[in-house]
Structure formats: C-alpha cells, structure tokens
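Trainee: Please see the structure below; I have some questions.
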Amino acid sequence: MNTNEALQFYKEYTEKNNAYRLALTTISFDNATIAPKDGSDARIKSMSFLGGEWFDYQIDPENIAKLESMAELDLGETMNKEIKLVLKNVHKISKLPKDFYVEFMQLSEQGEIIWKKAKDAKDYSLFKDTLKKLVEMNKKAYEYYGYETTIYDAMLDEYETGWNTEKYDAFFSKIKERLVPFISKVVNEGKKIDDSVMHQNFPEEGQKQVMDILKNYMGFNKNECYMGVSEHPFTCDFSLHDVRITTKYLEDSLFSSIFSIIHEYGHALYMLHVNPELEGLEVSRAMTSGMHESQSRFLENYIGKRDSFWVSNFSKVKEIFSEQLKDVTFEDFMTYMNLSKPSLIRTEADELTYPLHILIRYELEKEMINGTIDFDKLDEIWADKYEAYLGVRPKDASEGILQDIHWSGGSFGYFPTYALGSAFGAQFLDAMKKDIDVDACMKNNDFESIVNWLKDHIHQYGALYKADEIFEKVCHEPFDVNIYLDWLIEKYTKIYF
Ligand SMILES: [Zn+2]
C-alpha cells in the first residue's frame with residue numbers, strides 16, 4: 001500500500017466509523033434527554049444492533065491489516081499518531097473473545113440496573129456480588145489486553161495516558177497531607193456563614209433566563225452548540241461543529257444550574273475548538289479524561305467563581321430573582337458560591353472538599369483491583385474513610401458507596417482523573433495570567449479573550465499531546481500538585497479566617 005492508497009482507505013474507514021458513532025451518539029443523547037421512557041427497549045435493541053455491526057467492522061482482519069501496514073509508512077506527525085492511536089484501540093478490542101465480550105457487555109448493562117435497585121433500596125448487600133464480578137471481569141479483560149506493570153496501572157493509563165499508581169500515590173498523598181487538616185480547621189475554627197438565602201425557591205423559568213444571560217456572556221454559539229436538560233448534566237460531541245451539553249434545574253439551588261452549564265460548556269469548548277484540520281480523526285476527540293476535566297473545572301472554578309466573572313452578570317441575575325436576592329450584596333453572592341462544607345455526595349461537593357471525595361474512591365478501587373480488600377466490608381470501609389477525612393458519616397449506602405454510577409458500568413481508574421483535572425486547572429490559570437489580564441477581560445465583557453487563550457494553548461491540539469507534553473508547552477514546567485493546593489488553601493483562608 002502506498003501513501004495515497006493508505007490515505008484513501010483511511011478516509012473511507014473513518015467516514016464509516018463516524019457514521020456509526022453519530023448514529024449511536026444521537027440515539028443515546030436522545031435517550032438521556034427528550035425521548036419518551038417507554039421507547040427505551042426498542043432504542044436499546046437498535047443500539048446493540050448498530051454497536052455489534054460497528055464492533056465487527058472495527059475488528060475486521062482486513063481493516064486491521066491495512067491499518068497495520070499504514071503504521072509502517074511515514075504519514076507525517078498527525079497521521080502517524082492517529083494510526084497508532086486507532087491501532088491501539090482495535091488491537092485491544094480484537095483481543096477479547098466474542099463470547100467474553102458479549103458477557104462483559106451484558107454484565108456492564110446489568111450492573112447499572114442492579115446498582116440502581118440497590119441504591120434505591122439503600123442496601124449495599126444487593127450490589128456486592130455484582131461489584132465483585134465486575135472487578136473480576138474487568139481484570140480478566142486486562143489479562144486478554146495485556147499490561148506492563150499491574151492491572152490497576154493499565155486501567156489508570158486508559159483514562160490518563162502516562163499516569164500510574166506511583167504518580168497518583170504521590171499526588172493523593174500530598175492532597176491528604178495538606179487538605180485533611182486544613183478542612184478540619186475550617187470546620188472547627190472558620191467563620192460560620194449562613195447561606196440559607198440561596199436555598200429559597202428559584203423557579204425554573206427564572207433559572208432558564210439566567211442560562212440565557214450566561215450563554216450570552218460566554219459567547220455560546222447556538223449554531224454549533226445545543227443545551228438540553230437531563231438528570232445528570234453531561235456533554236457529548238457529535239462532530240467538530242456539533243456539541244450538545246445538558247444542565248439540570250434544582251429549584252432550591254440556583255448555583256446548581258449555573259455551575260453545571262459553566263462546567264459542561266468548558267467540555268464543549270474543548271471539543272469545538274480542535275484544529276479543523278483534525279476533523280473526523282480519532283485525535284480530534286480522544287482527549288484524556290483528566291485533560292477534559294481540567295477544561296470543564298477550569299471554567300467552573302477558576303473562571304466562573306471569580307468576582308470579575310460576575311461584575312456585569314450579578315445585577316442581571318438579581319433582576320430576575322429580585323425577591324429572593326433582595327438582601328444579597330455582590331460580596332454575599334460571591335461568598336455563598338465559594339462556600340465549603342464537608343458533605344457526603346461527591347457531585348454536590350464544593351471546590352475545597354471535592355478532591356477528598358476522589359481520594360477515598362482512589363484508595364478503595366486500588367485495593368479492589370489489587371485484591372487486598374474485603375468486599376463484604378466495603379460499605380463500612382467507605383464510611384470510615386469519610387469520617388476520617390471529612391468528618392461526616394453516611395447513614396446508609398445510597399449516600400455512601402452506592403452514590404456513583406461509575407463502578408456499576410465497570411469504570412475503574414476513572415475517578416482519579418476528576419481530581420487530577422481540577423489540579424491541572426490551577427497551573428493553567430497561572431500560565432493564562434502571564435499572557436492576559438484575566439480579570440480585566442471579564443470585567444469588560446471580553447470573554448472571548450479567555451476562550452481564545454484556551455483554544456490557542458490547549459484546545460486546538462485535541463488529543464495530539466499527552467498532559468505532560470501540554471504542560472511543557474503551556475506552563476514551561478512540569479505539573480506540580482502544590483500549585484493547586486496553594487490555590488485552595490489561600491482562597492479558603494481568605495473566606496474563612
Ligand atoms: Zn466534567
């Protein structure tokens with residue numbers, strides 16, 4: 001195969017893959033947002049049919065052979081990386097025997113259903129055996145894939161390339177060492193702040209108007225981005241010029257929809273701003289979870305919670321909720337959105353306590369995969385860790401070990417990227433501040449400069465570079481968790497002491 005033939009083949013190959021992906025993404029977005037519930041069986045049937053066809057296409061030996069011979073050619077930096085990435089993925093899935101693959105998929109689907117039942121019943125014992133089986137099957141899958149050091153290392157690398165137990169151990173031990181005592185000091189000695197005014201009733205209609213204000217301020221372009229509503233906010237990419245985000249409205253919490261949309265918009269921008277030359281390629285969408293979370297949390301915490309972001313927006317929000325916010329000053333509003341209070345539920349955690357929720361999950365799943373923990377006592381061990389690190393103890397498993405969906409679908413090694421992404425963001429902010437006056441831009445309604453900086457320094461590359469390489473390019477120094485911890489401790493010291 002010469003270069004021209006190779007590129008011609010690859011063009012058709014990606015077009016077909018993208019068609020399958022678009023169909024499946026459309027059905028699943030529809031499923032999570034507006035589709036009537038009763039049609040879900042039919043949708044799932046069609047999805048498994050399409051998914052099966054797509055799987056067969058990807059593991060077709062003829063296609064794999066062509067990709068392998070493409071890997072021998074020098075197609076330039078981008079295409080060399082593209083082929084390497086695609087081959088890694090297809091080699092992986094083609095190593096699973098079909099029977100195992102089907103059983104594995106079924107267990108992941110059943111896992112979510114059993115988890116949901118156990119969660120509703122607040123009973124960990126209903127999920128325990130399934131969780132154990134999920135761990136075993138995932139480990140078996142890695143036996144088929146092959147791995148270098150340990151299975152858990154391979155799982156971690158899957159979600160954040162280049163990150164393993166050794167690096168995460170160092171990362172989380174710093175978090176534990178510096179944040180556990182600081183949070184306890186905030187709880188015991190910090191100022192007491194009453195934010196009940198922010199938990200009055202904020203009707204959905206008004207919150208929708210707030211979404212419009214934020215979209216307008218952040219330059220949301222409805223020709224390439226759509227916002228829906230779903231139970232758990234998420235972002236989903238259809239193509240380079242079509243990204244969908246969702247938010248959710250809680251009438252007793254105005255900040256929930258506000259920070260959902262800012263967070264998801266951070267993910268959306270990362271997808272929309274990839275260099276158009278990468279359009280349709282795997283490298284345009286395979287950004288790691290940690291890098292993705294670094295962009296969403298960047299917008300949510302490092303940008304969306306700054307005074308300057310709200311200088312022109314606060315009065316508009318106050319106009320909409322004039323009754324509820326009549327006694328709330330700008331300073332109050334900023335304090336309320338930046339409060340910290342140890343809580344049980346990860347998705348509702350504040351910026352300061354959030355990484356400890358992840359630390360707990362990291363410690364547990366590491367032991368689950370390494371086989372050094374007793375599954376019978378996992379719910380108790382979970383509760384003990386919450387008590388030790390955050391000073392709160394779940395009263396039942398639904399607000400404890402059963403709160404997250406991830407393990408029930410077989411995602412192990414994913415959680416740590418949430419904390420990592422948050423930490424990456426602090427260093428990106430320092431780098432951004434060296435180039436532009438972040439606060440001046442936001443006060444002057446120039447959000448575009450913020451977005452353009454992210455696009456030029458991070459977004460445009462898509463998945464071409466690993467996080468370490470991005471750090472070299474953007475920050476001219478390696479990642480350092482202390483920059484993140486300094487940021488948190490300094491910020492919360494100002495609020496509480
Ligand atoms: Zn996110």
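Please treat every number below as a calculation from the coordinates, not as lab data. Predicted, not measured: the structure shown is a model, and the values here were computed from it. Here the Cβ positions follow ideal geometry from the backbone for every residue, glycine too, while neighbour counts run over all protein chains shown.
Trainee: Working from the pairwise distances between different alpha carbons, so that the mean of 1/r is found and then inverted, what is region 259-374's Kirkwood radius in Å? Don't skip to the answer; put the middle values down first.
Mentor: Details: mean 1/r = 0.0581 Å⁻¹.
Every distinct Cα pair counted, the radius reaches 17.2 Å.
Trainee: Let me ask something additional. Wrap a convex hull around the Cα atoms of region 133-268, take a quarter of its surface area, and give that in square nanometres.
Mentor: Values: hull surface 53.0 nm².
Over all viewing directions, region 133-268 projects a mean Cα-hull area of 13.2 nm².
Trainee: Tell me, what is the Rg over Rh of region 3-94, with Rh the Kirkwood radius over Cα pairs? Spell out each step's value before the answer.
Mentor: Values: Rg = 16.1 Å, Rh = 14.8 Å.
Rounded to two decimals, Rg/Rh equals 1.09.
Trainee: Given region 394-434, report the % of alpha carbon pairs whose separation exceeds 12 Å.
Mentor: Numbers: 569 of 820 pairs.
Roughly 69 percent, rounded to a whole number.
Trainee: Now for a different question. For a footprinting-style exposure proxy, rank Leu179, Leu344 by other Cβ within 10 Å, fewest first.
Mentor: Neighbour counts put them in this order, fewest first: Leu344, Leu179.
Trainee: Step through the table entries Lys192/Lys326; Lys84/Lys455; Lys133/Lys466, compare each Cα-Cα distance with 28 Å, and write down the pairs that go over it. Intermediate results must be reported in sequence, preceding the final value.
Mentor: Numbers: Lys192/Lys326 22 Å; Lys84/Lys455 25 Å; Lys133/Lys466 32 Å.
Those over the limit are Lys133/Lys466.
Trainee: Net charge near Leu359: determine it from the other residues with C-beta under 9 Å of the C-beta of Leu359, scoring Lys and Arg +1 and Asp and Glu -1.
Mentor: Working: positive: Lys176, Arg361, Lys385; negative: Glu363.
Its environment carries a net charge of +2.
Trainee: Would you mind ranking His476, His263 by Cβ crowding within 10 Å, fewest neighbours first?
Mentor: Numbers: His476 9, His263 24.
Result, fewest neighbours first: His476, His263.
Trainee: Right, another one. Report the label-to-label distance for Asn80 and Ser108 in nanometres (one decimal), using points 7 Å from each Cα along the Cα→Cβ vector.
Mentor: 3.2 nm
Trainee: For the chain, give me the percentage of DSSP beta bridges that are antiparallel, rounded to the nearest 5 percent. Could you put the intermediate results ahead of the total?
Mentor: Details: 5 of 10 bridges.
Counting only bridges with both partners in the chain, antiparallel ones make up about 50 percent.
Trainee: I've got another one for you. Please give the Cα centre distance for region 285-351 versus region 403-446, rounded to the nearest Å.
Mentor: 13 Å
Trainee: Over the chain, one equal point on each Cα, no solvent: what is log10 I(q)/I(0) by the Debye formula at q = 0.07, 0.08, 0.12, 0.13 Å⁻¹?
Mentor: With one equal scatterer per Cα and no solvent, log10 I(q)/I(0) is -0.39, -0.52, -1.27, -1.51.
Trainee: May I ask you to compute the full-extension gain from Lys92 to Asp439, defined as 0.36 nm times their residue separation minus their alpha-carbon distance, rounded to one decimal in nm? Mind dumping the intermediate values first?
Mentor: Details: separation 347, 0.36 × 347 = 124.92 nm, distance 4.59 nm.
Extending this stretch completely gives an extra 120.3 nm.
Trainee: Taking a quarter of the surface of the convex hull around the Cα atoms of region 166-243, what do you get in nm²? Mind dumping the intermediate values first?
Mentor: On the way: hull surface 39.6 nm².
Its Cα hull, projected and averaged over all orientations, spans 9.9 nm².
Trainee: Can I ask one more? What dipole magnitude, in Debye to the nearest 20, does region 122-497 give about its Cα centre under +1 on Lys/Arg Cβ and -1 on Asp/Glu Cβ? Intermediate results must be reported in sequence, preceding the final value.
Mentor: Numbers: 41 positive and 65 negative charges, 100 e Å.
About 480 debye.
Trainee: Applying 1/(1 + (r/R0)^6) with R0 = 56 Å to the Cβ-Cβ distance of Ser315 and Asn2, what FRET efficiency is obtained, to the nearest 0.05? Walk me through the numbers on the way to the answer.
Mentor: Working: r = 64 Å, r/R0 = 1.14.
So, using R0 = 56 Å, E works out to roughly 0.30.
Trainee: What value, in deg cm²/dmol to 500, does the helix sum -39500 (n - 2.57) over DSSP H runs of n ≥ 4 give at 222 nm once divided by the residues of the chain?
Mentor: Helices in the chain give a 222 nm mean residue ellipticity of -20500 deg cm²/dmol.
Trainee: Any idea what the relative contact order of region 122-497 is, in percent, if you count C-alpha pairs under 8 Å spaced at least 6 apart?
Mentor: On the way: 483 pairs, mean separation 93.0, N = 376.
Reported relative contact order: 25 percent.
Trainee: Here's a follow-up. Need the C-alpha centroid separation for region 175-194 versus region 262-283, integer Å.
Mentor: Using only Cα atoms, the two centres lie 37 Å from each other.
Trainee: Ok, one more. Would you mind checking the tilt of helix 77-94 against the longest principal axis of the Cα atoms of the chain, expressed as 0 to 90 degrees and rounded to 10?
Mentor: 80 degrees
Trainee: What number comes out for the charge environment of Arg346, summing +1 per Lys or Arg and -1 per Asp or Glu over other residues with Cβ under 12 Å away?
Mentor: Values: positive: Arg361; negative: Glu348, Asp350, Glu399, Asp404.
Overall, the nearby charge balance is -3.
Trainee: Then there is this: Going by how many other beta carbons lie within 10 Å of each one, how would you line up Trp54, Trp407, Trp382, fewest first? Working shown, then result.
Mentor: Numbers: Trp54 17, Trp407 25, Trp382 22.
Going from sparsest to densest Cβ surroundings: Trp54, Trp382, Trp407.
Trainee: Which FRET efficiency, nearest 0.05, do Glu72 and Asp195 yield, Cβ-Cβ r, R0 45 Å? Could you put the intermediate results ahead of the total?
Mentor: Numbers: r = 62 Å, r/R0 = 1.37.
My answer for the efficiency is 0.15.
Trainee: State the percent of C-alpha pairs, over all pairs in region 324-470, separated by a distance greater than 29 angstrom. Numbers along the way, then the final one.
Mentor: Details: 4063 of 10731 pairs.
Everything past 29 Å amounts to 38 percent.
Trainee: Find the centroid of the Cα atoms in region 238-256 and in region 202-220, then give the distance between the two in whole Å.
Mentor: Cα centroid of region 238-256 versus Cα centroid of region 202-220: 11 Å apart.
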